[in-house]
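Notes for the one structure printed next.
The values are calculated or read from the model by the stated rules, or taken from the named source; none is laboratory data. Just so it is clear, the model here is predicted, and its values are computed rather than measured. Heads up, the Cβs are rebuilt from the backbone with ideal geometry, glycines too, and the neighbour counts pull from every protein chain shown. Calculation scope for accessible area: heavy atoms of the full protein, side chains included, ligands and nucleic acids excluded. Shrake-Rupley method; radii C 1.70, N 1.55, O 1.52, S 1.80 Å.
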Amino acid sequence: MLEKAIKGSALYWIWLLVLLAVIGAGFGAYLTQLEHGLTVTALDRDVSWGLYIAQLTFLVGVAASAVMMVIPKYLHNHQAFARMLILGEFMAVATIIMCLLFVIVDLGQPQRLMNVVLHPTPSSVLFWDMVVLNGYLFLNILIGWVTLQAERKRVGPPRWIKPFIYLSIPWAISIHTVTAYLYAGLPGRDFWLTASMAPSFLASAFAAGPALLILLAFAVKVFAKWDPGREAIQSLAKIVTYALAAYLFLIGCKIFTAGYSMVPDKLAHWQYLYFGLEGHTMLATFMWVSTAAGVTALLILLFPKNRQSDNILAFACVLVLICTWIEKGLGLITTGFVPTPMKEVLTYAPTGPEILITLGIYGIGFLIITVLWKVGIDVRKEIEA
Amino acid sequence: MYDAKKIIPGLIIFALFFTFPFWFNLGTAAYTTPELELPDPEEHEHCIESTEYMRAEHMAMLDEWRDIYVRDGYQEYWSELNQEYFLTSLTKTCMDCHSDKEKFCDRCHEATAVDPYCWDCHIEP
Amino acid sequence: MKSSRRKFIKLAGLTALGWSVCPSLASARSNRYRKIPGALKADRWAMAIDIQKLSDEVMQKAIEACHRLHNVPDIDSRQNVKWIWVETFKTLFDDQVHAHQMEGKEKLPLLTLCNHCDNPPCVRVCPTKATFKRHDGIVLMDFHRCIGCRFCMAGCPYGSRSFNYSDPRRFLNNDELSPDYPTRSKGVVEKCEFCAHLVDQGERPACVEAAEGVLFFGDLSDPDSEVRRVLRDRYSLVRKAKLGTEPQVYYLI
């Protein structure tokens, strides 16, 4: 089926070339990082995780969102998603690969990454993160490919794939739960030491993932001339709405706990996040953008008329992505480290190389989505012709 | 043969790539064991093990030393050859005698295109 | 045999898989190794710092001794490395301060270093066991194994750990390296090791020696050790006691 990826329009090839250029630039920046070490980043002794881990955290949620279509389709026979499901699974593949790449570029000694496999440490959440992320990648590649092959041959998928599909449901929940556990179990980081981390990850995942899917589906309608179906998009839009509501509510809960208890250990982080401390206000500016985007998106999406208008829905989805990308990205990571254990306040602002490497990895992700979706959509066109 | 015009040239190119190491170096000098500058035999009679053993095993031995010393805390190694204990240390034992890295360690490593990263951290005398 | 090619590929794949699962034979460690006979032994090493006797001079001597012995680079940026350094009472014991503290006490300069916790979160989170707790309580780093993920830095509540963002030798005088301890490479995390390598040779940590009686080092499980004796005589604090990490550096007030 991969042969479908090497036959495309001029626009397809131009898009791939643009992506390859971005990837090339990112790769070049990564070579400087390998040469000089992570000193090329803006990370320091106090803020030791930054842009890369922020992307991992955000994308791991997006990757899990395929499950939001798998559950209705396979557990409840909701057929609206039947045609789009493969696209969700392929998006999960691309996003998980991005997650893994972000981990790799963040490592100080990436050539030793097999040490995590050679010396398994069950007490370490990072070990389990490696297990579940790779497992999810394998599951989605397997399920996606087998089901697509079967569809192409106009037969039902082989029976042995069903257990894997059912397994992928709790597994999808596990990937962002385990990633949330990376943060939620550290005694020294009060901003993260809350049980609401994993639920918040779930909520933002199920808002951001389907939002991205909706936007990509619109793109596919325009560029690939294939319509995933109005009902599928509308179902996804409803999921985004409810997930967004739950997500904003959870943030409100966290703010209440910090604000009402006024315990300085907790409150200081939230003050830094929304108002800045000691003159360091850069992150706060971004955070207000994030919250404004999220609240606006919710107010838009609550009304069915808005969800039913493609343009308004697309706009709201962009807002959802802005909101979650900031909050689950640097909003989460930097704030965990600032104020430091010695109560110092600082600003973390990524450097050029960091940004280039990040863009390069996003380029890889979009390249994989483009190629896999080309295959998936061309097969669907073949079937539906 | 189906598609013979593409297959045969393809096979030939593959064969050329695959046998590259053999034909590329034709005519150049054969590999000779590099000349190593050994420590003064008056001062140091033996290495901690025999030359044949060291030639074959020094990498595995140092790899074992790494974990034994750092993780298990065993600081001394019994040398049958010398009947005494030595510190499990690259800098303090091996390089105590083999103190000139360029004239000893590097000779073989460069000839065999091996690039150990030991000396990124471990100090050469 | 219609599917013979398919069967062959399946068989080949399974063989490759089976072949690659090579049993990692942890070869029985030869009994050719021993620990140095005069090593200091303990069940639970701990340190006590006498705040009353700390002075700028003593602290600088301790820091100098440690950083020099261990080739700790002197980096003038926020990407710096430090194993032992000076903080104030306020920053170390922020859970103990209040607005009307005795004059000058909040700004009191104090030494701080890795606490070698008995319940160390850094060890719990390390995915490769590159940081591990020894039988005698010292939390050590295995620089050969560290992948530089910095999870331990996120896990440490005390800010005790440093990462080598660049090659430390760029910030060291390569002609004056201390031969007794290697430098590290870029991309690994490091911290105070309670001078485990010295302890194993029968000596006390460099900072303790340099501080000449201001720092105490001993076995908590031995009621007669200098640390236990001094803890019986003086009121002491540990950093962030409520976190349950059980830090083993005691500040004698």
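Couple of notes before you dig in:
- Summary of the geometry: the range B:29-67 and the range B:101-125, compared by the centres of their Cα atoms, lie 12 Å apart.
- Chains A and C together bury some 3600 Å² of accessible area, summed over both sides, with a 1.4 Å probe.
- Fraction of alpha-carbon pairs over 25 Å apart in the range A:128-233 - percent: 40 percent
- Spatial separation of Cα centroids for the range A:31-62 and the range A:270-336, in angstrom: 22 Å
- With respect to chain A, whose longest principal axis is taken over its alpha-carbon atoms, helix A:310-327 is tilted by about 40°.
- Accessible-area value, A:TRP288, 1.4 Å probe, nucleic acids and ligands omitted, Å²: 130 Å²
- Interface size B-C, as summed buried accessible area [1.4 Å probe, Å², nearest 100]: 2600 Å²
- Cα-based equivalent ellipsoid, chain A: semi-axes from gyration tensor eigenvalues, Å: 34, 24, 20
- Note on exposure: C:HIS98, C:HIS197, B:HIS44 ranked by accessible area (1.4 Å probe, complete protein assembly) read C:HIS98, B:HIS44, C:HIS197, with the most exposed listed first.
- Percent carbon-and-sulfur accessible area, the range B:51-120, ignoring ligands, DNA and RNA, probe 1.4 Å: 50 percent
- Delta accessible area of at least 10 Å² on complex formation, residues of the range A:182-196, 1.4 Å probe, chain isolated as reference: A:LEU182, A:LEU186, A:PRO187, A:GLY188, A:ARG189
- Straight-distance candidates among the lysines for linking to C:LYS105, with alpha-carbon spacing under 23 Å and chain neighbours fewer than 8 residues away dropped: A:LYS343, C:LYS53, C:LYS61, C:LYS90, C:LYS240, C:LYS242.
- Scaled against 2.2 N^0.38 Å for its residue count N, the alpha carbon radius of gyration of the range A:126-187 is 1.40.
- Anchor A:LYS7: aspartates and glutamates whose Cα lies under 18 Å away (excluding residues fewer than 8 positions away in-chain): A:ASP378, A:GLU382
- Per-residue ellipticity at 222 nm, computed for chain C from helices alone with -39500 (n - 2.57) per DSSP H run of at least four residues, works out to -6500 deg cm²/dmol.
- Cross-link pairs A:LYS221/C:LYS10; A:LYS225/A:LYS305; B:LYS92/C:LYS129 - those with Cα-Cα distance over 30 Å: A:LYS221/C:LYS10
- Chain A - percent of accessible surface contributed by carbon and sulfur, probe 1.4 Å: 74 percent
- Under a model in which nothing but the beta-carbon of Lys, Arg (+1) and Asp, Glu (-1) is charged, the protein assembly as shown shows a dipole of about 5120 debye around its Cα centre.
- Accessible surface for the protein assembly as shown, divided over its residues, is 48 Å² per residue with a 1.4 Å probe.
- Computed from Cα atoms, the angle from the helix A:51-64 axis to the main principal axis of chain A rounds to 40 degrees.
- Per residue, the convex hull around the alpha carbon atoms of the protein assembly as shown comes to 214 Å³.
- Among residues other than A:LYS4 with Cβ under 12 Å from its Cβ, the summed charge is +2 (Lys and Arg +1, Asp and Glu -1).
- The angle separating the long axis of helix A:10-36 from the principal Cα axis of greatest extent in chain A is about 30 degrees.
- Report summary: the helix-based calculation at 222 nm, which adds -39500 (n - 2.57) for every DSSP H run with n ≥ 4 and divides by the residues of chain A, gives -24500 deg cm²/dmol.
- The Rg/Rh ratio for chain C is 1.11, where Rg is the radius of gyration of the alpha carbons and Rh is the Kirkwood radius.
- Three-way shape label, the range B:1-85, alpha-carbon gyration tensor, a/c 1.5: oblate
- The range A:1-124 shape via C-alpha gyration tensor axes, a/c threshold 1.5: oblate
- B:TRP119 sits with roughly 40 Å² accessible to a 1.4 Å probe, with DNA, RNA and ligands left out of the calculation.
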